[in-house]
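Inspection log for the structure reproduced underneath, given as structure tokens.
The values are calculated or read from the model by the stated rules, or taken from the named source; none is laboratory data. This structure is a prediction, so every number in the text was calculated from the model and none was measured. Here the Cβ positions follow ideal geometry from the backbone for every residue, glycine too, while neighbour counts run over all protein chains shown. To get the accessible areas, we keep the full protein, side chains included, count just its heavy atoms, and leave off ligands, DNA and RNA. Shrake-Rupley method; radii C 1.70, N 1.55, O 1.52, S 1.80 Å.
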Amino acid sequence: MPAHPASDPNARRVPLARPGRGASKRRRDEILRVDHAGEYAAVQIYRAQRAVFAGRPGKDRIAADMAEMRAQEQVHLDRFNALLNAEKVRPTAMTPVWRLAALGLGAGTALLGEKAAHACTEAVESVIEEHYADQIAEVREQDPALAAELTRFRDEELAHHDHAVAHGSREAPGYGLLSAVIRAGCRAAIRISERI
């Protein structure tokens, strides 16, 4: 019977994985990359929704809402663009895919009606809020400045979420299924964007 590796002095020791010097930089790159991707997608969703509603009779208010939320997301995106450039972090390679998916999601939900568009906002923002909350907890100690920015962005995402709920998101046709599919898609995009 072969000796157990711990008791065999000739057994080759396998070192335990350690974070290493570049681990915190790699993790920060992942955070910036995925947050940039999320804000980029949000801008595209709101852009597509506004395009569907703009100029249609009785849709001025929702078109203006979508434009306002898009403008807030653009501020977030601009900040992540600046951070990516300053820190020489590449954006996700999935950007072209996320652009098409976000435009399709935005246009598709808007074509289903105002409540479906709001259901999209609620679903997306609920996932983003959770994601930001996790990141804030993770970076609070080592990077309070980034945590503060993420907290401000999270608060604005929560305001979008609450606005959507107040405007009937949960009354959308097929709300449960629509919401579940959008949330699952967002979570998958987060995992992919951190890595690729």
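Between the helical axis of 144-166 and the longest alpha-carbon principal axis of the chain there is an angle of about 40 degrees.
With the simple model of a label 7 Å out from the Cα in the direction of the Cβ, GLU138 to ARG90 spans 2.0 nm. The dipole here belongs to the chain: it is taken about the Cα centre, uses +1 on the Cβ of Lys and Arg and -1 on the Cβ of Asp and Glu, and is about 880 debye. Helix 60-87 and the long axis of the chain differ in direction by around 30°, with both axes built from C-alpha atoms.
Computed log10 I(q)/I(0) for the stretch 115-196 at 0.25 Å⁻¹: -1.10, from the Debye equation with unit scatterers placed on every C-alpha and solvent omitted.
Using the empirical formula 2.2 N^0.38 Å as the baseline, the Cα radius of gyration of the chain reaches a ratio of 1.27.
Hey, what angle do you get for helix 23-53 against the long axis of the chain, alpha-carbon based, 0 to 90 degrees rounded to 10? That helix lies at roughly 20 degrees to the long axis. Partner aspartates and glutamates whose Cα lies under 13 Å from the Cα of LYS88, excluding those fewer than 8 positions away in the same chain, are identified as ASP29, GLU30.
Using a probe of 1.4 Å, the accessible surface attributed to HIS167 totals some 90 Å² when neighbouring protein chains are kept in position. Extending 7 Å from the Cα toward the beta-carbon at both GLU68 and VAL181 defines two label points whose distance is 2.9 nm.
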